[in-house]
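Working notes, structure below.
The values are calculated or read from the model by the stated rules, or taken from the named source; none is laboratory data. Nothing here was measured: the structure is a model prediction, and the numbers come from that model. Neighbour counts run over all protein chains shown; Cβ positions are idealised from the backbone, glycine included.
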Amino acid sequence: MLQIIDIPSSGEALSLPNGQLRYFKHFFSLEEADSLFESLLREIKWQQDPIKVFGKTYLQPRLTALYATNDNSYTYSGITMKPHLMIPQLKKIQAAIEAITEARFTTVLLNLYRDGKDSNGWHADDEKELGKNPVIASVSLGSTRYFHLKHLKQKEQRFKFLLDHGSLLMMGGPMQHFWQHQIAKTKQQIGPRINLTFRKIV
């Protein structure tokens, strides 16, 4: 069972074992978030890749896209994605994030959850091309979804909290080595959500 928690919403660090987490609930204003959501929904080159699960091939239960300031590819779950060139709207979001952190990013992986049936299973962003302790900056636009977290060794450390429209979640430190996260399916009737995860590919 995952405990529903309220986390600090103004960028204060959330105290977690083996990880750093900061949440900015109103990182973008409602007007900015609405505009970004509509433009990205329309302008991003969305794709749906096949993925192997226990030897069987399925289409991922969401749409994805990769954009970058360089031509470095990104491989996860057996999928290798070639990036599109970063577009102005994505550069705007990246600049806003980099203005509040020392981290610098080269790449953004976008996920489009079309409805409550779309999901992203338990995983960590621990691919070798991300470096030892990657900083992941996650922007949410559109419908609110629960973000699930679980510690790999401390089994009682299992939480979930809502990611709001226009919010920013920052993950850092050794978090990707000790924690996994997911966006689970829901039976609720909800609209689409776009998630942008900025990272540095080395």
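The residues of the range 132-143 that are part of a loop (DSSP other than H, G, I, E, B) and farther than 13 Å from Thr107 by Cα, listed by number, are Lys132, Asn133, Ser143. On the stretch given as the range 163-184, residues that are surrounded by fewer than 16 Cβ atoms within 10 Å (Cβ to Cβ) and within 17 Å of Asp118 (Cβ to Cβ) total 1.
Is it true that Lys117 is more than 24 Å from His177 (Cβ to Cβ) and either polar (S, T, N, Q) or in contact (Cβ under 8 Å) with a residue 40 or more places away in the chain (or both)? For Lys117, the condition - more than 24 Å from His177 (Cβ to Cβ) and either polar (S, T, N, Q) or in contact (Cβ under 8 Å) with a residue 40 or more places away in the chain (or both) - is met. For the range 135-161, what are the residues that are over 15 Å from Leu112 (Cβ atoms) and touching a Lys or Arg at 6+ places or on another chain (Cβ under 6 Å)? If the condition is that a residue be over 15 Å from Leu112 (Cβ atoms) and touching a Lys or Arg at 6+ places or on another chain (Cβ under 6 Å), then Ile136, Tyr146, His148, Lys150, Arg158 are the ones that fit. Filtering the range 30-60 down to residues that are at pLDDT below 95 and outside any strand (DSSP E or B), which residue is surrounded by the most Cβ atoms within 10 Å (Cβ to Cβ)? Restricting to residues being at pLDDT below 95 and outside any strand (DSSP E or B), the top hit is Gln60. Suppose the filter is among the β-branched types (Val, Ile, Thr), exposed (fewer than 12 other Cβ atoms within 10 Å of the Cβ) and either modelled with pLDDT of 95 or more or assigned to a strand (DSSP E or B) (or both); does Thr64 pass it? Answer is no for this residue.
Residues that are in a strand (DSSP E or B), buried (at least 16 other Cβ atoms within 10 Å of the Cβ) and touching a residue at least 40 places away in the same chain (Cβ under 8 Å): does the range 83-103 have at least one? Checking the range 83-103: not a single residue is in a strand (DSSP E or B), buried (at least 16 other Cβ atoms within 10 Å of the Cβ) and touching a residue at least 40 places away in the same chain (Cβ under 8 Å). With respect to the stated conditions, Glu98 fails to be within 24 Å of Ser15 (Cα to Cα) and at pLDDT below 95.
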